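Undergrad: The structure's right below; bear with me while I get my questions together.
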Protein chains: 2
Amino acid sequence: MVVNQVESGLAAVEQKLRTVVNSDISLLQDASQHIIVSGGKRLRPRLAFLAYLAAGGEKLELVVPLAAAVELVHTATLVHDDINDHSLTRRGKVTVHARWGRTFALLTGDYLFSKVYELMAPYGAEYNVIMADACVSLVEGETLQAAAAKAGSIDQETYKKIIARKTASLFEAAACMGARLAGGDETTVQALGQYAYNLGLAFQIVDDILDIIGDPETLGKPVGGDLVQGAGVLMAHNGHPAEIGAPVAEADPIQAMMARLRESGAIEVAHLQAQEMARRAREALAPLPDSPARRELLSLVDLVVERER
Amino acid sequence: MVVNQVESGLAAVEQKLRTVVNSDISLLQDASQHIIVSGGKRLRPRLAFLAYLAAGGEKLELVVPLAAAVELVHTATLVHDDINDHSLTRRGKVTVHARWGRTFALLTGDYLFSKVYELMAPYGAEYNVIMADACVSLVEGETLQAAAAKAGSIDQETYKKIIARKTASLFEAAACMGARLAGGDETTVQALGQYAYNLGLAFQIVDDILDIIGDPETLGKPVGGDLVQGAGVLMAHNGHPAEIGAPVAEADPIQAMMARLRESGAIEVAHLQAQEMARRAREALAPLPDSPARRELLSLVDLVVERER
């Protein structure tokens, strides 16, 4: 029942995403739809829906524009990230950057971000403040990550700050907004926010692990793209700053670095960290009464930690 | 009196702009402040203030965050534009792109855009819809312009569409929001919106003319940067699409193209067009009763059309 509700909500989000980017400037519409139809896990809208239901909401359609907006923030940052990372593929398809070039990718990201604003406007001040804060955090996290990549080194504290801001903040915002929209009390909203925040941390650690050990075909993108993150993962193991810029004798330094990370045992340690975040996510749900939505949120934690893409 | 009010409002906007970009990620704060303190005409916040006063508003401080937000939209697009145009100077200073590099310039633009959202959130749905629409228009206009630059040609209709969306829409939004905030009736809001829209068109035509004939030192940036726009101006004169990509024998094709534009008489025609838009701007104010703010708005038209930078 809850699963069906969420699935129909997600279908409405897909519809909303495809129509909200309509424009008489066909390039913007085409590039936007290109990244939207290429899919993605839609974890953030799912969180908004489940938090809404777990907080007692009964009109899921009210969450649709908000859920679409949260996904669109994520989508806009992917388009801009791919410019900065010179990525050629994403979700198994060519990136907007590779297909339309840098200038139009930059503008497409800006366009998607403007559409976030359009979708969120009707929700009023409280929600827009939450969303604005999440967007600010996200850009700060991306900036820290780019600075670490440029410096070629990262410490554990910075790694944690990066994943908290670039990933966990938007997860948290999605759940908080969903719970608030359901009229949840402060305890409920905080509980669901904390759940999502920790889920976001677990998700990002697993993402960074998959970037090192994942199967490129399953992932739909090349591995090794986020080696600074990988270095952060390594850091968790050896306790001192990982110098990813350190000279490596091998022909392909990225491959060599990845091999070193795999062999160091850091992956296992990072997995343990992800599991700890997962535990905190589950624990955060303690104040909430049992419900089908709450059970779904618990299953989602397992899915996130055990996923292979 | 009105002049003093507006000037103190603008001083509050400067203060707001400088503090709103505070961040523990010093790079974002530094790059944001770099572009903010480099100045600019602050025309858009001025419009918001004057429209508010002309519509009978009496608490100018209520307009400050909104006026800062409108200026920040403009600022964010400048930072992104400078990436796409490979510009090295802006307002007589090195660009964010030239100083911090492409990746951080992209993120700084995104950061400023997120801050727009933060500033606007408290105003509620009606204002956020207006602002979101203006942001969408702006990105559409920028995209059309980039597509014309890539194609190397532009027609008059496209030129008009570009300047309407990339410039006039945000001018209009600033005035509409200011007038609404003052509690102006629909006629007043529409009148001030139409005024600002036409002022925006005049402003952009003059901007494009100055890019061809202006003094680089007075402008604070190199001329010839927006030659596609220049071609649009030329178009207004000769009535057929301007092929800016046409082969030119001279050593410096940009200089040659600019000379051709200067000698063609197109500049005079473009000036006449700007004056026509200025006339429409003045005319739009007809429904408003005489007031010091209305008189300031009329003077602003002259300033925009006669400016040299």
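The values are calculated or read from the model by the stated rules, or taken from the named source; none is laboratory data. Small disclaimer: the values here were computed from a predicted structure and weren't measured. Using ideal geometry, Cβ is built from the backbone for each residue, glycine included, and neighbour counts are taken over all protein chains shown.
Undergrad: With respect to A:Val3, determine if the residue is more than 14 Å from chain B (Cβ to nearest Cβ), assigned to a helix (DSSP H, G or I) and over 20 Å from A:Thr95 (Cα atoms).
TA: Against the criterion (more than 14 Å from chain B (Cβ to nearest Cβ), assigned to a helix (DSSP H, G or I) and over 20 Å from A:Thr95 (Cα atoms)), A:Val3 qualifies.
Yes or no, residue by residue, for (1) within 17 Å of the chain's Cα centre (by Cα); (2) in a helix (DSSP H, G or I); (3) polar (S, T, N, Q):
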| residue | (1), (2), (3) |
| --- | --- |
| B:Gly39 | yes, no, no |
| B:Arg44 | yes, yes, no |
| B:Leu50 | yes, yes, no |
| B:Gly56 | no, no, no |
| B:Pro65 | no, yes, no |
| B:Val70 | yes, yes, no |
| B:Thr75 | yes, yes, yes |
| B:Val79 | yes, yes, no |
| B:Asp82 | yes, yes, no |
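Undergrad: Taking into account only those residues within segment B:121-130 that are surrounded by 22 or more Cβ atoms within 10 Å (Cβ to Cβ) and at the interface with chain A (Cβ under 7 Å from one of its Cβ atoms), which is farthest from B:Ala164 (Cα to Cα)?
TA: B:Ala121
Undergrad: Scan segment B:69-106 residue by residue and report those that are closer than 23 Å to B:Ala48 by Cα, more than 10 Å from every other protein chain (Cβ to nearest Cβ) and among the aliphatic types (A, V, I, L, M).
TA: Selection gives B:Ala69, B:Val70, B:Leu72, B:Leu78, B:Val79.
Undergrad: Those residues that are small (Gly, Ala, Ser) and surrounded by fewer than 24 Cβ atoms within 10 Å (Cβ to Cβ), I need them from segment B:168-190; list them, please.
TA: B:Ser169, B:Ala182, B:Gly183, B:Gly184
Undergrad: With respect to the numbered conditions (1) without any contact (Cβ under 8 Å) to a residue 12 or more places away in the chain; (2) in a loop (DSSP other than H, G, I, E, B), which one is the sole condition not fulfilled by A:Ala121?
TA: (2)
Undergrad: Additional query: Give the residues of segment A:24-57 that are in contact (Cβ under 8 Å) with a residue 12 or more places away in the chain, of a type outside the set (Gly, Ala, Ser) and surrounded by fewer than 16 Cβ atoms within 10 Å (Cβ to Cβ), sorted by residue number.
TA: A:Gln33, A:Val37 - these are the residues of segment A:24-57 that are in contact (Cβ under 8 Å) with a residue 12 or more places away in the chain, of a type outside the set (Gly, Ala, Ser) and surrounded by fewer than 16 Cβ atoms within 10 Å (Cβ to Cβ).
Undergrad: Name the pairs: first residue in segment B:271-285 and over 15 Å from B:Ile163 (Cβ atoms), second residue crowded, with 17+ Cβ neighbours inside 10 Å and of a type in the set (Val, Ile, Thr), Cβ to Cβ under 6 Å, at least 6 apart or on different chains?
TA: Within 6 Å, the pairs are B:Arg282/B:Val301.
Undergrad: Say whether the condition of being of a type in the set (S, T, N, Q) and at pLDDT 85 or above is met by at least one residue in segment A:238-252.
TA: No.
Undergrad: If you don't mind, there's one more thing I want to ask. From the list B:Glu140, B:Glu157, pick out the single residue that is within 9 Å of chain A (Cβ to nearest Cβ) and either out of contact with any His (no Cβ under 8 Å at 6 or more places or on another chain) or in a helix (DSSP H, G or I) (or both).
TA: The match here is B:Glu140.
Undergrad: Taking the criterion of being more than 29 Å from B:Val21 (Cβ to Cβ) and either of a type outside the set (A, V, I, L, M, F, W, C) or within 14 Å of another protein chain (Cβ to nearest Cβ) (or both), would at least one residue in segment A:168-179 satisfy it?
TA: yes
Undergrad: Out of segment B:115-157, which residues are among the hydrophobic types (A, V, I, L, M, F, W, C) and touching a strand residue (DSSP E or B) at 6+ places or on another chain (Cβ under 8 Å)?
TA: B:Ala148, B:Ile154
Undergrad: Going by the structure shown, is A:Gly109 closer than 25 Å to A:Val63 by Cβ and more than 7 Å from every other protein chain (Cβ to nearest Cβ)?
TA: Judged against the criteria, A:Gly109 is a match.
Undergrad: From B:Gly109, B:Gly152, grab the single residue that is surrounded by 19 or more Cβ atoms within 10 Å (Cβ to Cβ) and within 24 Å of A:Ile25 (Cα to Cα).
TA: Just one listed residue meets the conditions, B:Gly109.
Undergrad: Going by the conditions given, is A:Leu10 under 22 Å from A:Met177 (Cα atoms) and buried (at least 21 other Cβ atoms within 10 Å of the Cβ)?
TA: no
Undergrad: Go through segment B:13-23 and give me each residue that's assigned to a helix (DSSP H, G or I) and either surrounded by fewer than 15 Cβ atoms within 10 Å (Cβ to Cβ) or away from chain A (no Cβ under 14 Å) (or both).
TA: The answer is B:Val13, B:Glu14, B:Gln15, B:Lys16, B:Leu17, B:Arg18, B:Thr19.
Undergrad: Condition first: surrounded by fewer than 24 Cβ atoms within 10 Å (Cβ to Cβ) and free of Cβ contacts under 8 Å to residues at least 12 places away in the same chain. Now tell me which residues in segment B:137-149 satisfy that.
TA: B:Ala147
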